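Colleague: I have a structure I would like to understand better, so I am pasting it below and will then ask my questions one at a time.
Please treat every number below as a calculation from the coordinates, not as lab data. Only a predicted model underlies this, so the values are computations on that prediction, with no experimental measurement involved. Counting neighbours? That spans all protein chains shown, and the Cβs are built from the backbone with ideal geometry, glycine included.
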Amino acid sequence: MNRIFSGIQPTGNLHLGNYLGAIRNWVKLQKDFDCIFCIVDLHAITVPQDPAALRQATREVTAAYIASGIDTDRCIIFNQSTVAQHAELAWVFGCITPLGWLNRMTQFKEKAGKQRDNAGLGLYGYPVLMAADILLYKGTHVPVGEDQKQHLELARDIAGAFNRQFSVEYFPLPEPQIFGTATRVMSLRDGTKKMSKSDASEFSRINLTDDAAAIADKIRRAKTDPNNLPEDVKGLEGRPEAENLLGIYAALTDKTLEAVVQEFAGAQFSTFKGALADVAAAVLGPIGSEMKRLMADPAHVDAVLRKGADKAGAIAARHLREVYDIVGFLRP
């Protein structure tokens, strides 16, 4: 069976964008793929983290996976740092990855900004660790957002470089897993910016743990424009906030954007926002409640992660032994 590998950083405040853009799609993938879903805590420390907050966020992401419908018996869920082979394979890959490839990574330039000379090696080598994450399990497909496509291309390049250098066909070249309609959820305060957990305003995002009242309040306060909703999709041009809110409604109801525009054609935003709040609360409410229940039982969440780490570790150990044999390491 083809294998999916994907993960989310445990940096707190999981939101609607994480759910619609990733987790909800993963729930669907588990029916047709061998799935490994990771909490990528090694990636998280490429920027400073509070240790206690990192542990709490790791449990929160795990709870979100489970509450959203990922089956812990069918899929592997674990946190990256519990399987040491991720870091070990990243070193092997780092030794065959030209600096020129890494210098082209736009995300490093964006994150490092003007402090590039002070950025850590981990942030620079982030894409190499991502390649190791995927290829350690011989992942064949990776669901990625627009901002990770370049990193997946690098993972393919690294897999090919390894195979060529050692004259083997060991690693597959992982393919992007594309969904019919990609849901890109934007900020509720600025329709031109992606919804982000790092935004200073709580009203820019709907957190997965928000209750119905909080969801309704945030949607009510969401930025709009003075015009009624358009009669057709073309009328959304130049109206990013309207397009974002209608897109969220479409995603939550599994409808096309065209169908939603027709449903609310000419309506006032106040009417539409009420409908959107009801739908969002109906979908996210049970997830948030289950997350809170799971978070109140950290021993259970930790047990899920240990079980996943045991399963992932068994695969990782076998594959890394084979890699070490290919590379020529003596294993007395």
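Colleague: Considering region 124-138 alone, what residues qualify as being free of Cβ contacts under 8 Å to residues at least 40 places away in the same chain and surrounded by fewer than 22 Cβ atoms within 10 Å (Cβ to Cβ)?
Modeller: Tyr124, Gly125
Colleague: Only one of Thr192, Thr183 is surrounded by 14 or more Cβ atoms within 10 Å (Cβ to Cβ) and either farther than 24 Å from Ile134 by Cβ or of a type in the set (S, T, N, Q) (or both); which?
Modeller: Thr183
Colleague: Glu169: surrounded by fewer than 16 Cβ atoms within 10 Å (Cβ to Cβ), free of Cβ contacts under 8 Å to residues at least 40 places away in the same chain and not in a helix (DSSP H, G or I), yes or no?
Modeller: yes
Colleague: Still on this structure: Residues to consider are Ile158, Ile215, Ile219; find the one that is buried (at least 21 other Cβ atoms within 10 Å of the Cβ), touching a residue at least 60 places away in the same chain (Cβ under 8 Å) and more than 18 Å from Ala250 (Cα to Cα).
Modeller: Sole residue among the options that is buried (at least 21 other Cβ atoms within 10 Å of the Cβ), touching a residue at least 60 places away in the same chain (Cβ under 8 Å) and more than 18 Å from Ala250 (Cα to Cα): Ile158.
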